[in-house]
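All remarks here apply to the structure that follows.
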Amino acid sequence: MTYASRLSHQPSAGPGPLVLPPGPPRRRRWWERLPGAAGIAELHETIRVRLAEACALENPPPERFGFRFDTAVWLFMVTAFFHRRYFRVESHGVESLPDGPVMLVANHGSHVLSWDGAMILTSCLLDADPPRLAHGMAEHRLMELPVLGSAARRIGAVDGCRETCRDLLHAGGVVLTFPEGVKALMRPFRDRYRLVNFGHGFMHVALATGAPIVPVAVIGPEEEAPMLANPRWVARLVRTPVAPLTPTLVLPLPVKYRIHFGPALRFKGPATPEIVARHVATVRNTLQDLVRNGLAMRRHVFF
């Protein structure tokens, strides 16, 4: 089934928003008859339509990397609950995302599960216009985990290698990268929101594809699960790059998330080591300023 048929609507003549034509009423699923299920059914339909619209902007479609539309709808139902009700995310500037391929470069603060990445992806789907399906660039060892890795692939995440990133951008997609890498997960609480050195891989991809870079400052994840320790023997046991121990274990604290999407940055020129390093420093400094301004705007960690 094509994404157009999933949308059940057609574009109007000329540029403008998609228009829903009249059609037969949709059959109610059995669980929609349960008490209080009307709101869940409405959210399910909203996510289904917006996700189909987002997928239609990519050619070829993202299934080649393990994305599954129907599973992703239900996974986004879960992230939408945390986005709307638990973290109460405020998205600033997401409505100005450029059309076509985009590379999102964000600070990384979630120590246990990647709630910061999930909230960015959900903001791009629910708050952007048009909705976009952002593909998280994940560390290879994390993608090999039996449950989390499988769920990540089905919602659109991919192994964080340059070839895959270029492929998605050439298809017109949105990719999300954390250039701090796993080093950010080792950052002690006293150094929260202080960016560590960036890797250079994302800049090589940006120069090769011409995709604009949008810095994304995420305020909130550093306080959701403060790290107490990071024993290496636990990391070896679970086969992950890090194994941070936090006072909340897996469940994060209900902090208030604020996500700030900055203006798009565009870079050109040969990918020499000097030019790449200079461009990376520009992105890092821009993102650090965006994080600093976001912290200054925050009234309280929890509201």
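The values are calculated or read from the model by the stated rules, or taken from the named source; none is laboratory data. What you see is a predicted model, and the numbers here were worked out from it, not measured in a lab. Please note: Cβ atoms are built from the backbone with ideal geometry, for glycine as well, and neighbour counts cover all protein chains shown. The area values use the complete protein model at the heavy-atom level, side chains included, leaving out ligands, DNA and RNA. Shrake-Rupley method; radii C 1.70, N 1.55, O 1.52, S 1.80 Å.
Listing for the model above:
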read-out: Residue within the stretch 55-77 that is in contact (Cβ under 8 Å) with a residue 60 or more places away in the chain, in a strand (DSSP E or B), more than 24 Å from residue 181 (Cβ to Cβ) and within 15 Å of the chain's Cα centre (by Cα) present; value: no
read-out: Set 139, 90: member being within 22 Å of residue 246 (Cα to Cα) and under 15 Å from the mean Cα position of the chain (by Cα); value: 139
read-out: Residue check, residue 189 of a type in the set (Phe, Trp, Tyr) and modelled with pLDDT of 95 or more; value: no
read-out: Complete set of residues in the stretch 199-235 that are in contact with a His (Cβ under 6 Å, 6 or more places away or on another chain) and either open to solvent by less than 20 Å² (accessible area, probe 1.4 Å) or part of a strand (DSSP E or B) (or both); value: 203, 217, 225
read-out: Residue selected from the stretch 83-100 under the condition part of a helix (DSSP H, G or I) and open to solvent by less than 30 Å² (accessible area, probe 1.4 Å), by the criterion nearest to residue 152 (Cα to Cα); value: 83
read-out: Hits in the stretch 108-155 (condition: open to solvent by 20 Å² or more (accessible area, probe 1.4 Å), under 27 Å from residue 192 (Cβ atoms) and charged (D, E, K, R)); value: 127, 139, 141
read-out: Conditions (1) within 21 Å of residue 152 (Cβ to Cβ); (2) touching a strand residue (DSSP E or B) at 6+ places or on another chain (Cβ under 7 Å); (3) open to solvent by 30 Å² or more (accessible area, probe 1.4 Å): number failed by residue 264; value: (1)
read-out: Tabulated pairs, the stretch 29-53, first more than 15 Å from residue 76 (Cβ to Cβ) and modelled with pLDDT under 90, second open to solvent by less than 30 Å² (accessible area, probe 1.4 Å) and not in a helix (DSSP H, G or I), C-beta under 6 angstrom, 6+ apart or interchain; value: 31/37
